[in-house]
1. Name the GluC sites (Glu not before Pro) in segment A:274-355 that are in a loop by DSSP and that have at most 10 other C-beta atoms within 10 Å, would you?
2. Need one number: nm distance between label points at A:PHE301 and A:GLU350, each 7 Å from Cα along Cα→Cβ, rounded to one decimal.
3. Mind ranking B:SER80, B:SER439 by accessible surface for me, highest first, 1.4 Å probe?
4. In whole Hz, what ³J(HN,Hα) sequence does segment B:216-223 give by Karplus (6.51, -1.76, 1.60; θ = phi - 60°), x for Gly and Pro?
5. Output needed: percent of Cα pairs per 10 Å distance bin for segment A:255-407, bins running from 0 to the one holding the longest distance.
6. Below 9 angstrom from the Cβ of A:ILE466, what's the summed charge of the other residues (Lys, Arg +1; Asp, Glu -1)?
7. In Å and on Cα atoms, what radius of gyration and Dmax does segment B:147-464 show?
8. Report the label-to-label distance for A:ARG173 and B:ARG43 in nanometres (one decimal), using points 7 Å from each Cα along the Cα→Cβ vector.
2 protein chains.
Amino acid sequence: MLRTGCLLRALRFFSSAPCPRHKPSGRLSVRDALRAQHTSGERVKVQGWIRSVRSQKEVLFLHINDGSSLESLQIVADASFDCRELAFGSSVEVQGQLVKSPAKRQNVELKAENITVIGNCDAKAFPIKYKERHPLEYLRQYPHLRCRTNVLGSILRVRSEATAAIHSFFKDRGFVHIHTPVITSNDCEGAGELFQVEASSKIKAPEGNFFDVPTFLTVSGQLHLEVMSGAFAQVFTFGPTFRAENSQSRRHLAEFYMVEAEISFIENLQDLTQIMEDLFKSTAMMVLSNCPEDVELCHKFLAPGKKDRLEHMLKNNFLIISYTEAVEILKKASQNFTFTPEWGADLQTEHEKYLVEHCGNIPVFIINYPLALKPFYMRDNEDGPQHTVAAVDLLVPGVGELFGGSLREERYHFLEQQLARSGLTEAYQWYLELRRFGSVPHGGFGMGFERYLQCILGVDNIKDVIPFPRFTHSCLL
Amino acid sequence: MLRTGCLLRALRFFSSAPCPRHKPSGRLSVRDALRAQHTSGERVKVQGWIRSVRSQKEVLFLHINDGSSLESLQIVADASFDCRELAFGSSVEVQGQLVKSPAKRQNVELKAENITVIGNCDAKAFPIKYKERHPLEYLRQYPHLRCRTNVLGSILRVRSEATAAIHSFFKDRGFVHIHTPVITSNDCEGAGELFQVEASSKIKAPEGNFFDVPTFLTVSGQLHLEVMSGAFAQVFTFGPTFRAENSQSRRHLAEFYMVEAEISFIENLQDLTQIMEDLFKSTAMMVLSNCPEDVELCHKFLAPGKKDRLEHMLKNNFLIISYTEAVEILKKASQNFTFTPEWGADLQTEHEKYLVEHCGNIPVFIINYPLALKPFYMRDNEDGPQHTVAAVDLLVPGVGELFGGSLREERYHFLEQQLARSGLTEAYQWYLELRRFGSVPHGGFGMGFERYLQCILGVDNIKDVIPFPRFTHSCLL
């Protein structure tokens, strides 16, 4: 670490003295205070928000939290410190001695020598009430304040840990990280509805597009990752993607995050499914090891029983069945489906649910889908009479489709035909051209990050695992 | 690491056998092959693209690259392997023995036992020519192919390393990562021009907005980070931001990446500048240590002399001067400026350039700007007669403004007045409300990621440090 010191050199240049540099304050985060091993009464300063107040005759107990962990730090103060401002939600700075706590619930506590209220909390107007456990639906009305509750705090810490774990997963395996673009002129790669983008000045006074062509928000970074996979054998991206779907479902958002990877020189789906399974498990293990209390809070209060489900998924090998086998299983089912299962038709939510349960609530890869159901870039299996492509979806308990992937059609003439059949020849000349210069077999996948969080935490509604949810009729803040 | 093995458990569920799992192939990346320490003739498989071919009477030399490093692996083969398809740009798989190389330029080489051409390269049509060093302007015409050159490969590997380094920097310091939204209904926070977003179906058949309100692409995650800094004392975000500016300059893009951080409980700008300087230096050190060859390539071929400039920046403390001092320096300058420097006016590019040179090409923080120049959320210094706010910009050699930051106005009544003055009271009620419930002094900054890469690599044009540049009149792919 580089630390800067005095500014003597600076003084050479200027007649007037620059501002003096401050020494870093002796501030300790709540997390670091709670982890202190040797508490021989060091003087420290802790800052945070009051989560609870308990006033006794001679002693005042406070719990303060600064978002560094779910657990709060207990402050023990003389009753003389008590005042109206020391209330739930207020921000405070406490100086004192860190000592071993006599209580069993915590390792250390802070014996206050000084308490300063930094900012009051208007309790009447504050929509989060002391000692109440508000439903997630209620909290969604307050996107600017809900992160101040325990449950959203835990979910967002898990989200942050999972993000870091995903970056580490790929970096450790030598993948190059690529920022695929958000604004794109590709308008027909996906089935979902698109958002269009235009400079607002051009909307007010139309005079041609800002980019000269109509542009859209990306629905996937795949095609751009494929560009990169012609030079880097392993690439990934992790960014926002968009669908203008008119859906209020508990599994859809207009703006959501996708983890996407593309791997060159692979020739079979099992090389892909292996990486997908490793990514799922390794990220979950990292989260469980780095913030177990946060995961526990979710499992305990939001999704009782979901802890066992997660452990079950982590200790078992994921399953692999073909689309054709999946349809056979559905046909043999005693259950009546709204949509009759049939070879050549898409799997519906009810089918996905049945298949996962049939597999003992272990995630299951469905591979080799009918060619007619899938987009132009998936690799033709050249089989028959039931013509399939090398596609793969991962279905997981509670969420349904979590990953989608495929081998890509790397053969120039096959791809050329597929583009012609889809009427996309002109628009995707650049994509076809990638196959003219050292084309290689390759494949990749995308994982919906919010659905992943729903799956491991057992959170029912996708709107509760993203800081600022965007969906039809709603874009708060 | 979790590795999956046999699928016995799976077989319980299905009568038809699922696809067998493949063993991971014995494939070695070029980077790993080059790093091999003990080369006692292990048989390995390496896959990549041919970067050079040298055919001698009895021996054939190939260099193959797979994007894992700048350096390629030398293949030594019997001349009988020679064929027309083994040409620049083709993809190949080589099996053979990894042996110590007699040549000085490399540690190891691969003695080929088998060479398979995977994909030919149509040399005539390929815009990248063998042994030519194409100018960056030329390569920009081929956004789908330019990553296959050494120079773009190096820049993109550095970008990937810098991304990882930034995530590590914040994680190591206990910051919580937040995905701030891309689509926002805040329409007036910044000075730049905005992109508007609408579902394309609604553009074709207008029937109200998709989100019920007009929505825009974010220009900064700051306000959303401030929401989070009311619960987490340290937060950061690293994502795309947008400006619909009609600029073709070498420093502007319509879509670019920003690293933004927000820190609660800080009360002076020096706590902020310290983190900014640490972020700049620690990221550069990490990049230099993880991909020195890539940085060297850029310094050698793109920006001779820029290596010294980087070292100079890294080994010196950054300077801090006030805006008022900066104006004094400019007034005393012997140079004639197009814009006459004057207290109360914005610093122009020519001024920034002069100041950095005046400071001996060391990055310099300019602090405490006139209140009238800055947005409503910056903290009032309550000074006079020249009224300033606690704002800070970092100017760096070659690029100009790299960071912008400030302490935020955390005092309810000050902020209320500022909002009223700007006519934003209604639109920012939610932002004002953050100050009613345990408000704390806080501040933060944003760093332009592409400009950072330009600065450390000495790349002149911002379009060359992002995989897919978007700017006025151009959105390729």
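The values are calculated or read from the model by the stated rules, or taken from the named source; none is laboratory data. Since the model is a prediction, treat every value here as computed from it, not as a measurement. In this analysis, Cβ positions are derived from the backbone assuming ideal geometry, glycine residues included, and neighbour counts consider all displayed protein chains. Accessible surface is based on the protein model in full, side chains and every heavy atom, while ligands, DNA and RNA are left aside. Shrake-Rupley method; radii C 1.70, N 1.55, O 1.52, S 1.80 Å.
1. A:GLU342
2. 3.7 nm
3. On the way: B:SER80 95, B:SER439 15 Å².
Per-residue accessible area, sorted high to low, gives B:SER80, B:SER439.
4. Computed from phi, the couplings for segment B:216-223 are 9, 7, 4, 9, 5, x, 4, 5 Hz.
5. 10, 36, 34, 16, 4, 0
6. Numbers: positive: A:ARG159, A:LYS463, A:ARG470; negative: A:GLU255, A:GLU450, A:ASP464.
Summing Lys and Arg as +1 and Asp and Glu as -1 gives 0.
7. When restricted to Cα atoms, segment B:147-464 yields Rg and Dmax of 20.2, 61 Å.
8. 2.6 nm
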